[in-house]
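Below is one structure, written out as structure tokens, with a few remarks after it.
The values are calculated or read from the model by the stated rules, or taken from the named source; none is laboratory data. These numbers come from a predicted model, not from an experiment. Heads up, the Cβs are rebuilt from the backbone with ideal geometry, glycines too, and the neighbour counts pull from every protein chain shown. These accessible areas exclude ligands, DNA and RNA; they are computed on the full protein's heavy atoms, side chains included. Shrake-Rupley method; radii C 1.70, N 1.55, O 1.52, S 1.80 Å.
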Amino acid sequence: MEDPSLTPPNVQYAQSALLMDMASGRVLYSKNLDERVYPASTTKIMTAILALEMGNMDDTVTATYDALKSITLEDSHMGILTGEELTLDQLVKGMLVYSANDAANVIAIHIAGSLDAFVSLMNQKAQELGMTGTHFVNPCGSHDDNHYTTARDLAILSKYAMKNDQFREIVKMPIYKIPATNKYASERILVNTNLFLGTSRSTYYYYPPAIGIKTGHTSQAGYCLVSAASYNDTEFLAIVMNCKNVDTKEQAYSYIDSKTLFNFGFDNYTHQPLAAVGDIVSDSKVYEAKQDMRVAVTVENDVSALIPSGEGNAEQITTNIDMPEKLEAPITKGDVLGTVTYSYKGIEVGSANLIATNDVERNNILHVFHLVLKVITSPFFFIPAILLILLITVSYTHLTLPTIA
């Protein structure tokens, strides 16, 4: 728990879980955060973000035998046939909406040339993102003892992926329709596996604030759910891993625990405005300023903090301004001069760059005077000058001494 004064959510069924503030990345609640778990089809979050970043969504992709040979009838799939032509956009949507393993494999070979090469890209990206407890073996999440992750790592990945506008739009689609292809005479209607989106699979867990993200299930991984919800300008990420769902209603435990996490977040936290662009956060004297002009600073962007609801909590937010002790002219309006950090009970809850709100011209006469003063007081000037004076004095004394006959 980030704030031990709050009553923790009753997360009963998940092996590991977390609730994260999407804006700041703060983990508000966690359970076995770094315990190794199997990701199942939540793996496809990584496959999708690599496809979106490295591929062209308008590309036509031809499904190969190598991509489809490992897919069985027991796998989640959208029925792709060898030689079928689909756009990369259709494949990514089919993979994220319908959790299609065949689409994941076709995407992987299209992007990297082989499944092994794509898996290398997955692990490389995981390292870049700081997912230190993750190792991928395949692009779809089929079980392998060496294919694992943690709740923390999935949160890192999901927060990153949700910054991609295309990804955000896809994962909240209740259904996706693929038109006829060279192998199918009619369209395919793919229903999202995420029950929070109120699909025809089950409306029992329809949750209006839900905006994604990805389900996962294998017998070894249990039922996993990475979900996001947005309400009143607040976005939360909930992750539950290895739940033992029984049905899609009263005993869909991954949804029960996830909703418990969301309710905890929305019921106990609120956004507190801290500073808006234009608000004067501080002002400072400026060295060598013309007419002793001071500079005022404001935040580069609006700042608000997610803090526990309740009277008096806003007063516990502290402000720390970090600016150089000596600001020097000239300064131009908009220059970044420092940072401001806001903390709640020692926890950083917001920060922003501080920028100048006004120009400050330099007093050139004063500037030249300081330069001259700096030169003549410098050891590199002062010591040679003393030696020169001594040399001149000695020479003059020698020339003026009387001659003794």
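Worth a mention:
- Relative contact order (%) - criterion: Cα under 8 Å, at least six apart; region: the range 1-100: 22
- Accessible surface for the range 1-120, divided over its residues, is 39 Å² per residue with a 1.4 Å probe.
- Accessible surface of the chain [probe 1.4 Å, protein heavy atoms]: carbon and sulfur percent: 52
- A simple charge model with +1 on the Cβ of Lys and Arg, -1 on the Cβ of Asp and Glu and nothing else charged puts the dipole of the range 266-361 at about 80 debye relative to its Cα centre.
- Here the relative contact order of the chain, from alpha carbon pairs under 8 Å that lie six or more residues apart, stands at 14 percent.
- Computed across the chain, the Kirkwood radius stands at 25.3 Å (inverse of mean 1/r, all Cα pairs).
- Dividing the radius of gyration of the alpha carbons in the range 1-117 by their Kirkwood radius gives 1.12 for Rg/Rh.
- What the range 203-349 shows is 50 Å² of accessible area per residue, with the surface traced by a 1.4 Å probe over protein heavy atoms.
- For the range 337-342, 3J(HN,Hα) per residue [Karplus equation, 6.51 cos²θ - 1.76 cosθ + 1.60, θ = phi - 60°, Hz, x = Gly/Pro]: 10, x, 9, 10, 10, 10
- For the range 207-343: Kirkwood Rh in Å [reciprocal of mean 1/r, alpha carbons]: 18.9
- Among the DSSP helices (H) of the chain, those spanning at least 20 angstrom by Cα along their long axis with an average Kyte-Doolittle hydropathy of 0.5 or more are 379-400; this is a geometric and hydropathy rule only.
- Among residues other than ASP58 with Cβ under 14 Å from its Cβ, the summed charge is -2 (Lys and Arg +1, Asp and Glu -1).
- Positive-end residue of ASN138, SER186, THR234, charge dipole of the chain with Cβ unit charges: ASN138
- Within straight-line cross-link reach of LYS290, aspartates and glutamates at Cα separation under 13 Å, skipping those fewer than 8 residues along the same chain: GLU328, ASP359, GLU361
- Proximal lysines to LYS214, defined as alpha-carbon separation beneath 22 angstrom and excluding residues fewer than eight positions away on the same chain: LYS31, LYS44, LYS93, LYS125, LYS159, LYS163, LYS172, LYS177, LYS244, LYS249, LYS259
- In a DSSP loop and with at most 14 other Cβ atoms within 10 Å, the trypsin sites (Lys or Arg not before Pro) in the range 104-194 are LYS163, LYS183.
- Part-to-part distance (alpha-carbon centres) for the range 113-129 and the range 276-324, which is given in Å: 43
- Most positive-pole-ward Cα, ALA117, ILE280, TYR205, against dipole of the chain from beta carbon charges: ALA117
- Kirkwood's formula applied to the C-alpha pairs of the range 79-152 gives a hydrodynamic radius of 13.1 angstrom.
- Candidate cross-link partners of LYS69 among the aspartates and glutamates, defined by an alpha-carbon separation under 15 Å and a same-chain spacing of 8 or more, comprise GLU84, ASP102, ASP116.
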